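Everything below concerns the one structure shown next.
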Amino acid sequence: MSQLQTLRGMADQLPAAINSWQQLEAIAREHMRRACVSEIRTPLLEATELFCRGIGAATDVVGKEMYTFNDRGERSCTLRPEGTAGVVRAAIQNGLLSQGPQKLWYSGAMFRYERPQAGRMRQFHQLGLEFLGFNEPRSDVEAIFIAWDFLAELGLGNLQLQLNSLGTSAERVQYRSSLVAWLEQHRGQLDADSQQRLETNPLRILDSKDPATQQLLGQAPSLVEALAPESVERFAQVQAGLTALQIPFVLNPRLVRGLDYYDHTAFEITSSALGAQATVCGGGRYNGLVQQLGGAATACIGWAMGLERLVLLLESHGTHPVEAADLYVVSQGAAAEALALQAARLLRQGGHAVELDLSGASFAKQLKRAAKSGARWALLIGEEEAASGQLQLKNLQANTSQPLELHQLAPFLA
């Protein structure tokens, strides 16, 4: 019988790596608590229409990458490819926006059928923040500095904040016309993907990774030239807010993001440690999405981070954590093994991380495992200790031992 394997692009998270994930998630949760951002959880499976209406039918995500199928009720369903549309749908459906502006965050699995690469699989995980009902430029600044400070708290370096303004939808329509007219004159010089996008989503050509196309775009009309004075002033206020907080940034007029719902501020935080796939965090303002999904007109801004990429960065910076037990319990013999269970339970109830060796191997083998475990202490229980009640507590780092009774263990280790 052949051995079963994971599907391409789906990865197991093994115990050796889980500690990095748990550390990352714990820091994120604490960081969001300090920022007074509330957690929200939405389904993995949504109606396909949510993403077609929210993300945009002409995007690569909807057109090429979604996991979509009909369920037994012949309803078209899709595994969520991103988190924002589901959060907005939940806010509308459950009346959250009628309770005032909402600061929300989420974390969970997303699915896109694309070529697997370092830090991005077909099932991947995102941490995201959504500010719903906030329009002031200060809310853009707050959303960005929450992301920046979180990454700084993780100890990540080599970070760069790239910033752009996409203006209003009307300004983008005007710019789109001039851009398409210019691109049509140079169609033959565009790469194949860009030629296809010229018919469906021409603004995405600005984000082309093809070197020749990028060089050509240096001569293309700029979106900044199409912005009205109000949009220019708004963008200037965002830049001033970041400057006041001493958060460095570079302006990138070709930064458009990959989803149709963005307007005004768009940004990415990148890291040179990730190579070609350098984006760690990406987001922007999306003032039209709530109305597009059936709610009232609502100003919003948000961002998302790929957790796989963050784990890679943590490991590349040598911050891969190793969780070790506080104490390793070694026992041999029926009475000793029964007493070991009591000791392990008592100490765990007291808040200690206790590894209980269940192998039944010799004392020597169990002690070798204890030494490799990283625990500071080992509790040794043999037949003699079980009979006398005097357990041996060994300091594995100092290689010293002392006798203690069961009731003395917790106070001693406190």
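Over the range 327-413, what is the percentage of antiparallel beta bridges among all DSSP beta bridges, to the nearest 5?
55
Where in the range 203-260 are there trypsin sites (Lys or Arg not before Pro) that are in a DSSP coil and have at most 16 other Cβ atoms within 10 angstrom of their Cβ?
Values: sites: Arg204, Lys209, Arg234, Arg254, Arg257; in loops: Lys209, Arg254, Arg257.
Here the trypsin sites (Lys or Arg not before Pro) that fit, given the DSSP loop and packing criteria, are Lys209.
Bridge orientation summary for the chain: considering DSSP beta bridges with both residues in this region, about 80 percent are antiparallel. Computed over the chain, the P(r) curve from all C-alpha pair distances, binned at 10 Å from the origin, holds 4, 18, 24, 20, 13, 10, 7, 3, 1, 0 percent per bin.
Taking neighbour Cβ counts within 10 Å as the exposure measure, how do Asp149, Asp140 sort from fewest upward?
Details: Asp149 15, Asp140 28.
With the fewest neighbours first, Asp149, Asp140 line up as Asp149, Asp140.
Here the dipole of the chain is about 300 debye; that uses its Cα centre as origin and unit charges on the Cβ of Lys and Arg (positive) and Asp and Glu (negative). Counted by neighbouring Cβ atoms within 10 Å, the residues Met1, Met305 run from fewest to most as Met1, Met305. Database remark: amide H of Val280 closer than 5 angstrom to the amide H of Ile269, Thr270, Ser271 (H placed geometrically; neighbours at sequence offset of 5 or more, or on other chains; Pro and chain starts carry no H).
How would you order 156-162, 378-384 from highest to lowest mean count of nearby Cβ atoms within 10 Å? Before the final figure, lay out the partial values.
On the way: 156-162: 16.7, 378-384: 19.6.
Descending packing order for the listed peptides: 378-384, 156-162.
Can you pull out the GluC sites (Glu not before Pro) in the range 1-95 that DSSP calls coil and that have at most 15 other Cβ atoms within 10 Å? Spell out each step's value before the answer.
Working: sites: Glu25, Glu30, Glu39, Glu46, Glu49, Glu65, Glu74, Glu82; in loops: Glu74, Glu82.
Qualifying residues, ordered by number: Glu74.
Straightening the chain between Ser316 and Glu225 buys 28.7 nm, computed as 0.36 nm per residue apart minus the Cα-Cα spacing. With the helix formula -39500 (n - 2.57) applied to DSSP H stretches of n ≥ 4, the chain reaches a computed 222 nm mean residue ellipticity of -11500 deg cm²/dmol.
Taking other C-beta atoms within 10 angstrom as a stand-in for reagent exposure, Phe111, Phe145 fall in the order Phe145, Phe111, fewest first.
Extension gain Lys64-Gln246, at 0.36 nm per residue separation less the Cα-Cα distance, in nm? Don't skip to the answer; put the middle values down first.
Numbers: separation 182, 0.36 × 182 = 65.52 nm, distance 3.99 nm.
Gain in length upon complete extension: 61.5 nm.
What FRET efficiency comes out for Ser2 versus Ala170 if R0 is 56 angstrom and r is the Cβ-Cβ distance? Round to the nearest 0.05.
In this case the efficiency is close to 0.45.
Under 13 Å of direct C-alpha separation, and excluding same-chain neighbours fewer than eight residues apart, Lys394 reaches these aspartates and glutamates: Asp326.
Rounded to the nearest Hz, the phi-derived 3J(HN,Hα) couplings of the range 213-225 under the Karplus curve 6.51 cos²θ - 1.76 cosθ + 1.60 (θ = phi - 60°) are 5, 4, 5, 4, 5, x, 9, 6, x, 9, 5, 4, 5, where x marks glycine and proline.
Quick note: the coordinates plus some simple rules give every number you see, no bench work behind them. Since we're looking at a predicted model, the values are computed, not measured. Reconstructed Cβ throughout: ideal geometry from the backbone, glycine too, with neighbour counts over all protein chains shown.
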